[in-house]
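Novice: Structure provided below as structure tokens; questions to follow.
The numbers here are math on the coordinates, done by the rules we state, and not lab data. Predicted model only: the values in this text are computed from it and were never measured. Backbone-built Cβ (ideal geometry, glycine too); neighbour counts: all protein chains shown.
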Amino acid sequence: MKKRTALLTTFLLLLALLLVACGGGGEEPAANEGSTTTTEETTNEEATNEEATNEETTTEETGEADCASEEVFCVGLVTDVGEIDDKSFNQSAWEGVKRAEAELGAKIDFIETKDAKDYATNIGLFADNGYDVIVTVGFALGEATAEAAAAHPDIFFIGVDQFQAWPFDDDASNDLPNLAGLIFPEDKAGFLAGALAGMMTESNTIAAVLGTDLVPPVVAFKEGYEAGARFVNPDINIISTYHPGGLDVAFTDPEWGASTAKQAIDQGADVVFGAGGKTGNGAIIEVANHEGVYCIGVDTDQWETVPEAHPCLISSAMKLITPGVFDLISAAKDGNFPAGNFVGEVGLAPFHDFDSVIPQEVKDRLNEIDTGLRDGSIETGYNPGG
Amino acid sequence: MTTEQENLEQTTASSVGMALLRVWRGVSVPITAVLLAVVIGAIILLVSGASPVAAYSALIKGSFGDGDAVARTLEKATPLVLSGLAVAFAFKAGLFNIGAQGQLLFGAIIAAALGFGIEGLPAIIHIPLALFGGALAGALYGAIPGALKTYTGAHEVITTIMLNFVAINITDFLANGPWKDTSPGNIVARTPKIAPSAVIPEIGNVPLGFVLAVLAAVITWWLLWHTTLGYEIRTVGLNPHAAEYAGIRVAWITILTMMLSGLLAGMGGAIETQGVVGRYQPGFNVGLGFDGITIALLGKTHPFGVIPAALLVGAMKAGASQMQFDAGVANEITDVIQALILFFVAADLIVRWILRMRETDEEKITLSTGWGKQ
């Protein structure tokens, strides 16, 4: 019986704790409404509760006050669902922000998004704390970024991989002056990679292992890759495979990337393009185990980021996100921020150890194609959004 | 039947102390599990070089700090209440519905289709139409594994897992194909925005969706313990053979339970579309159905246990960003705490040992019965 009494006491104590906690939570909305309408009709109990909250917020504000002041230049970055060190686009954008820290003396911070519904919340954390520039990474944040830009005209917003030429109200005439979308013609980078693959293949079969077709840049890479390969080699056989899973796994499934790359090699492919975050990395790392098969990386120069792929990595189809982000941040600082879409640079990464393997005529042809893509005499045939 | 009901009557008749003790026996394990997880989480935070006090106070600020934060917590908890109910409800019939995720996705996309496809309806008709359309889609999708179990003996754990993949790909296809948003310049895979008349509003800081979820919990409780159908469902869960012998149509109960379970999950998806996202977009409902399993276990598979469990997990989700921003803690730590809670609830021997409690049969949760008809 003693035990039971002890149990009961513990329970009652816990219950009391729980009630206090729940009570606090439950009253909060009422208390807040009170303060917004400045009527402040709170009971004693709630008042203490509210005081505690207020105290917390004020200390917090003094902690972050430096960003609100004119002199301090603060840059915040919100990632898409994914990690900051993804060796791919989140990381490239963060490198650009870090360059702003080093060269412009900016105070920087990032938030990794875990739930796609938190885009607005995460952007809001920076906006409410007086950040001057907010970088959002990934096409999926486009809408949340545009809405935040409209709500915070004094903050500059940079959306990586986002078409921000038209504002969210679909009227092209009122581009927001504080909003820029950093976009890349991935199809051109893919075209160059495809041309390289098409010239380097001996089996006349090449492959692409891709993240999901739900992500427009991936589709652009693929379409460009195929068009580029056919441009130099019209009869080429191309095995392109998209990851079949949803957005939650499509970019974080290196095992699938590896097995798909192996399958393509079994079907005769001797150049494999891996485009899709860690999934693509899995593919090129797998290719490294197969002698005589080349691989091509994506987004950054993956020679630097995926050393395991050195035995096969002849080049990477790059989006120069880092300089693009940095350029836009410094433009914001200098007061000549370009609104609307800002087209970043794309290109092939250096050949590194394969420089001697790749014949001079292939390099010349690639330069020719690069020039053609730039002056418009060569088109990739990819036309997103109709 | 009778022992349980007799027990219940006895308890009601006996002293309030006994009733409290009964409640305590029900909630002690989850509460202790939560506390243990919080303590271990603090140790992990310390080891990783962060201040647990700063991290936890940021977590609380982000989830209950002001009206917006509370709204965010309730918003996050809403689909968790419903997917938790879906899983808990199926447990009562001895079915382990891992397919809540797929049912939820169908509910979400059908609600979106009814939301953007129909215009000019008053909100009073449009909101319930899209909501029940979504719930019905979830119910039909839930009926498939129920029927498969009844007629072929295929175990629902396997079929529901597989059907999750089917659901992800069908909804992705619809959002990137026939139902794709064709507004000028859009290249993103998503449906158009739903009409304003289909949007579930907020009342002050309380999302109406949360009220609906609580209502669903009450109805589920009433159905389970105050109707013949509920009695039949629970009997099938305790012993399908005895139930069959007693004249209960086990086949029908199995299908119906999976349908109702799918209905709850589908409703969760519909509320997400109508109350939070405003359209269907792939990747926006990831994990909600799977969290339902956590919630159901944490809530001891009781409809009223599901609500605080969902609020707890919802609060952790709502505060995760704030914690990352204020205390510089990776928001994976909330996942770790969540996993620890589940671990301690599942491995309740540890907690019982700490509390010096003996296990009684009534507290055991029937996770799943055998392979179909035997």
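Novice: What does the C-alpha gyration tensor say about the overall shape of segment B:114-247? Classify as rounded when a/c is under 1.5, otherwise prolate if a/b is larger than b/c, or oblate. Provide the component values of the computation, followed by the final result.
Specialist: Working: a/c = 3.15, a/b = 1.52, b/c = 2.07.
Oblate is the answer for segment B:114-247, as a/c is 1.5 or above yet b/c matches or exceeds a/b.
Novice: Once you've got the GNM for chain B with C-alpha springs shorter than 10 Å, pick whichever of B:Ala112, B:Ala242, B:Ala143 has the biggest mean-square fluctuation.
Specialist: B:Ala242
Novice: Could you please rank A:Glu70, A:Glu255, A:Glu147, placing first whichever residue has the fewest other Cβ atoms within 10 Å of its Cβ?
Specialist: Working: A:Glu70 7, A:Glu255 11, A:Glu147 15.
With the fewest neighbours first, A:Glu70, A:Glu255, A:Glu147 line up as A:Glu70, A:Glu255, A:Glu147.
Novice: A:Ala332: net charge of surrounding residues, Cβ under 12 Å, Lys/Arg +1, Asp/Glu -1, itself excluded? It would help to have the intermediate numbers written out before the result.
Specialist: On the way: positive: A:Lys333; negative: A:Asp132, A:Asp154, A:Asp327, A:Asp334.
Overall, the nearby charge balance is -3.
Novice: Any number yet on Rg/Rh for segment A:240-386, C-alpha, Kirkwood? Each step should come with its number before you reach the end.
Specialist: Numbers: Rg = 17.5 Å, Rh = 17.1 Å.
Ratio value, two decimals: 1.02.
Novice: OK, next. In whole Å, largest first, what are the principal axis extents of the Cα atoms in segment A:70-183?
Specialist: That works out to 37, 32, 23 Å along the principal axes.
Novice: Given the -39500 (n - 2.57) contribution per DSSP H run of 4+ residues, what per-residue ellipticity at 222 nm results for the protein assembly as shown, rounded to the nearest 500 deg cm²/dmol?
Specialist: That calculation yields -20000 deg cm²/dmol at 222 nm.
Novice: Could you pull out every residue, at least 5 positions away or on a different chain, whose amide H is within less than 5 Å of the one on A:Leu348? Hs are placed 1.01 Å off N in the peptide plane, and Pro or chain starts have none.
Specialist: Excluding prolines and chain starts, which carry no amide H, the hits are A:Met318.
Novice: For A:Phe342, what residues show an amide H to amide H distance below 5 Å, using hydrogens built from the backbone and excluding near sequence neighbours?
Specialist: Amide H neighbours of A:Phe342: A:Gly181, A:Leu182, A:Ile183.
Novice: Sticking with this structure for a sec: Would you mind checking which residues have amide H under 5 Å from A:Leu313's amide H? H placed 1.01 Å from N; only 5 or more apart, or other chain.
Specialist: A:Cys295
Novice: Sort B:19-31, A:288-300 by packing, meaning the average of other beta carbons within 10 Å per residue, with the highest value first.
Specialist: A:288-300, B:19-31
Novice: Under a point spin-label approximation (7 Å from Cα along Cα-to-Cβ), what is the B:Ser48-A:Ser377 distance to one decimal in nm?
Specialist: 5.5
Novice: Taking square-rooted eigenvalues a ≥ b ≥ c of the alpha carbon gyration tensor, is segment B:207-271 rounded, prolate or oblate, where a/c under 1.5 means rounded and, failing that, a/b exceeding b/c means prolate?
Specialist: The shape class here is prolate.
Novice: What helices does chain B hold that run 20 Å or longer along their axis, going by alpha-carbon atoms, with a Kyte-Doolittle average of -1.0 or more, using DSSP H for the helix calls? Could you put the intermediate results ahead of the total?
Specialist: Values: long enough: B:16-47 (44 Å, 2.17); B:67-92 (36 Å, 0.78); B:100-117 (25 Å, 1.47); B:123-152 (43 Å, 1.20); B:156-176 (29 Å, 1.21); B:208-226 (26 Å, 1.96); B:250-271 (31 Å, 1.79); B:303-327 (35 Å, 0.84); B:332-346 (21 Å, 1.83).
Helices meeting the span and hydropathy rule in chain B are B:16-47, B:67-92, B:100-117, B:123-152, B:156-176, B:208-226, B:250-271, B:303-327, B:332-346.
Novice: Where a Cα-Cα gap under 29 Å defines reach, which lysines qualify for A:Lys98, not counting those fewer than 8 residues away within the same chain?
Specialist: Candidates past the 8-residue exclusion: A:Lys87, A:Lys107, A:Lys114, A:Lys117, A:Lys188, A:Lys278, A:Lys319, A:Lys333, B:Lys61, B:Lys317.
Novice: At 20 °C and 1.002 mPa s, grab the translational diffusion coefficient of chain B from Stokes-Einstein with a Kirkwood Rh over Cα pairs, rounded to a whole number in µm² per second.
Specialist: On the way: Rh = 21.5 Å.
After rounding, the answer is 100 µm²/s.
Novice: Name the chymotrypsin sites (Phe, Trp or Tyr not before Pro) in segment B:86-182 that are in a loop by DSSP and that have at most 15 other C-beta atoms within 10 Å, would you?
Specialist: Details: sites: B:Phe89, B:Phe91, B:Phe96, B:Phe106, B:Phe116, B:Phe132, B:Tyr141, B:Tyr151, B:Phe165, B:Phe173, B:Trp179; in loops: B:Phe96, B:Trp179.
Listed in order of number, the matching sites amount to none.
Novice: So, how do all the Cα-to-Cα distances of the protein assembly as shown break down into 10 Å bins, in percent, from 0 on up?
Specialist: 3, 13, 21, 24, 20, 12, 6, 2, 0, 0
Novice: Now for a separate question. For peptide A:139-148, what's the mean number of Cβ atoms from other chains within 10 Å of each residue's Cβ? Write down the numbers at each step before the final one.
Specialist: Details: counts 3, 7, 0, 3, 7, 0, 0, 0, 0, 0.
Other-chain Cβ atoms within 10 Å of each residue's Cβ, averaged: 2.
Novice: Take peptide B:172-180, look around each residue's Cβ out to 10 angstrom, count Cβ atoms belonging to other protein chains, and average those counts.
Specialist: So the per-residue partner count for this stretch is 2.
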